[in-house]
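As structure tokens, the structure follows; a few thoughts come after it.
The values are calculated or read from the model by the stated rules, or taken from the named source; none is laboratory data. No experiment lies behind these values; they were computed from the predicted model shown. So basically every Cβ, Gly included, is an ideal-geometry build from the backbone, and we count neighbours across all protein chains shown.
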Amino acid sequence: MAEVASIFLWFNKDAEDAARFYAETFPESSIGAISRAPGDYPAGEEGDALTVSMTLCGLPVVLLNGGPEFTPNESFSIQVSTSTQKETDELWNAITGNGGQESACGWCKDKWGYSWQITPRQLTGGMADSDPAARKRVFEAMMTMRKIDIAAIEAARAGEAAHAS
């Protein structure tokens with residue numbers, strides 16, 4: 001029987017702050033155990049959080065304060081599926097409004113450097129449409145966006161011109 005897998009996210013020294021932000025921001029997220037350093041170490045001091053175990057969007061994740069040797073990059077991202085524009089906006093705005101930055105096609109980056117894909121289910125459905133022309137329209141609409149606009153995605157899928165909202 002396989003052990004439970006966990007995702008590890010490497011932080012310089014802000015794992016505990018990131019865990020608090022993630023737990024407050026994302027559904028099905030909570031902080032579990034925090035392991036503290038029993039003595040000084042190269043990246044920190046006695047009492048600092050070494051690891052923070054948490055559930056992030058229902059997944060087991062460990063945040064590690066490993067020091068500045070490694071930094072996140074775009075080759076790893078966390079995708080969060082949303083159902084409404086309100087939910088999409090809330091998550092996107094929480095990340096970008098907390099020191100993060102916008103990117104393209106529904107991607108943004110948090111202030112710790114981790115990339116997030118805030119992806120409405122309507123986009124995922126449109127990209128899987130059985131009609132190749134609808135898929136192409138959805139793709140082309142998505143390519144013009146930063147935060148995904150669900151109404152524009154649905155209009156593109158239907159072959160309609162999007163109306164400004």
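Here is how the numbers come out for the structure above:
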| quantity | calculated |
| --- | --- |
| Any hit, the range 35-45, residues being closer than 19 Å to TRP116 by Cβ, surrounded by fewer than 18 Cβ atoms within 10 Å (Cβ to Cβ) and of a type outside the set (A, V, I, L, M, F, W, C) | no |
| Residue list for the range 98-134, restricted to those being small (Gly, Ala, Ser) and assigned to a loop (DSSP other than H, G, I, E, B) | GLY99, GLY100, SER103, ALA104, GLY106, GLY113, ALA128, SER130 |
| Lone unmet requirement of (1) more than 30 Å from TYR41 (Cβ to Cβ); (2) in contact (Cβ under 8 Å) with a residue 24 or more places away in the chain for THR55 | (1) |
| Residue selected from the range 54-89 under the condition surrounded by fewer than 16 Cβ atoms within 10 Å (Cβ to Cβ) and farther than 19 Å from GLY113 by Cα, by the criterion nearest to the chain's Cα centre (by Cα) | SER81 |
| Flag for TRP107 being in the same structural domain as ALA141 (by TED's automatic domain parsing), aromatic (Phe, Trp, Tyr) and either touching a strand residue (DSSP E or B) at 6+ places or on another chain (Cβ under 6 Å) or within 27 Å of ALA151 (Cα to Cα) (or both) | yes |
| TRP116 vs. criteria touching an Asp or Glu at 6+ places or on another chain (Cβ under 9 Å), within 15 Å of PRO27 (Cβ to Cβ) and either in contact (Cβ under 8 Å) with a residue 24 or more places away in the chain or outside the structural domain of TYR22 (by TED's automatic domain parsing) (or both) | yes |
